[in-house]
1. Being of a type outside the set (F, W, Y) and more than 24 Å from K224 (Cα to Cα): is that true of R29 here?
2. If I filter segment 78-101 for residues that are assigned to a loop (DSSP other than H, G, I, E, B), closer than 16 Å to F203 by Cβ and out of contact with any Ser or Thr (no Cβ under 6 Å at 6 or more places or on another chain), do I get at least one hit?
3. Please indicate, with yes or no, whether at least one residue in segment 194-216 is modelled with pLDDT under 95, more than 17 Å from T12 (Cβ to Cβ) and either assigned to a helix (DSSP H, G or I) or among the aromatic types (F, W, Y) (or both).
4. Considering only segment 52-68, how many residues are hydrophobic (A, V, I, L, M, F, W, C) and out of contact with any helix residue (DSSP H, G or I) (no Cβ under 6 Å at 6 or more places or on another chain)?
5. Restricted to segment 179-193, and to residues that are in a helix (DSSP H, G or I) and in contact with a Pro (Cβ under 9 Å, 6 or more places away or on another chain), which residue is nearest to S83 (Cα to Cα)?
6. Of all residues in segment 63-77, which are in a loop (DSSP other than H, G, I, E, B) and buried (at least 16 other Cβ atoms within 10 Å of the Cβ)?
7. Restricting to segment 102-122, name every residue that is in a strand (DSSP E or B) and surrounded by fewer than 19 Cβ atoms within 10 Å (Cβ to Cβ).
Amino acid sequence: MIAIIAAVPFETDLLRRHMSPCEVRRCGRRDLFRGTLFGHAVVLLHSGIGKAGAAAAATVLLEFCRPAAVIAVGCGGAYPGSSLAVGDLALATEEVYGDEGVLTPEGFFDLQHLGFPSIEKEGRKFFNRFPCDSDLFQSARPLVEQTAAAIGRKMAAGPIVTVSTCSGTSAAGVELASRTGGICENMEGAAIAQICALHGTPFLELRGISNLTENRNLASWDLKGGTLVAQQALMNFLRDWPKGGDRA
């Protein structure tokens with residue numbers, strides 16, 4: 001079984017229309033959609049905006065459904081230097097907490113600098129960074145690239161950054177991109193990745209670019225387009241991913 005997590009329902013409209021059969025149950029006070037997508041058993045949950053909701057939703061989902069893999073999907077804001085534009089695709093190599101740490105006169109220090117891991121598991125310490133599953137990533141990358149090429153868009157792979165305060169100025173986007181090496185930002189992914197790491201569950205993240213991290217200008221945003229391309233890419237991945245790849 002594959003678990004899909006998005007922040008809000010409009011980020012999964014296309015996915016839910018293609019789930020067949022589809023039933024709605026309750027899971028941790030949230031609606032849980034259960035069905036199949038291209039022969040894969042799928043559960044889908046909306047976490048709400050932000051890290052707290054994402055961590056809570058991922059915990060309930062992993063405890064009660066025990067999926068073989070978790071895929072985070074949605075929209076994101078592209079960083080300067082990523083080469084990404086609105087309507088392009090971003091595939092995560094890892095998720096990064098962008099603002100977990102301390103801001104000092106000397107600059108920002110992350111949790112590793114402070115010596116406080118987010119989690120420890122089997123002797124391994126995770127601080128601000130949580131790698132995506134390498135097998136899932138290698139399977140997804142060529143299929144996501146094919147989706148981007150088919151619709152005349154770009155795809156970039158790299159770190160995706162999770163923040164509590166989105167970058168609404170060009171300076172903020174430049175600073176976070178420089179400090180993290182990230183290609184885009186969102187508000188939930190690292191929290192989901194952290195819970196997956198705690199449970200030992202493979203994690204993957206795919207985002208469509210809805211805006212650039214520049215001085216905030218809603219006229220240049222395309223939330224619908226960003227979410228649509230991410231869902232199209234995820235469906236193409238599931239369509240071509242070998243059956244049985246979703247079994248633990």
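1. yes
2. For segment 78-101, residues assigned to a loop (DSSP other than H, G, I, E, B), closer than 16 Å to F203 by Cβ and out of contact with any Ser or Thr (no Cβ under 6 Å at 6 or more places or on another chain): absent.
3. no
4. 8
5. For segment 179-193, the residue satisfying everything is T180.
6. If the condition is that a residue be in a loop (DSSP other than H, G, I, E, B) and buried (at least 16 other Cβ atoms within 10 Å of the Cβ), then P67, A68 are the ones that fit.
7. Within segment 102-122, V102, L103, T104, G107, F108, F109, I119, E120, K121 qualify.
Condition check ((1) touching a residue at least 40 places away in the same chain (Cβ under 8 Å); (2) aliphatic (A, V, I, L, M)) across all residues:
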site: L103; (1), (2): no, yes
site: E106; (1), (2): no, no
site: Q112; (1), (2): no, no
site: S118; (1), (2): yes, no
site: R129; (1), (2): no, no
site: F137; (1), (2): yes, no
site: I151; (1), (2): yes, yes
site: C166; (1), (2): yes, no
site: N186; (1), (2): yes, no
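The values are calculated or read from the model by the stated rules, or taken from the named source; none is laboratory data. Treat the numbers as computed from the prediction; the structure is a model and nothing was measured. Virtual Cβ from ideal backbone geometry, glycine too; neighbours counted across all protein chains shown.
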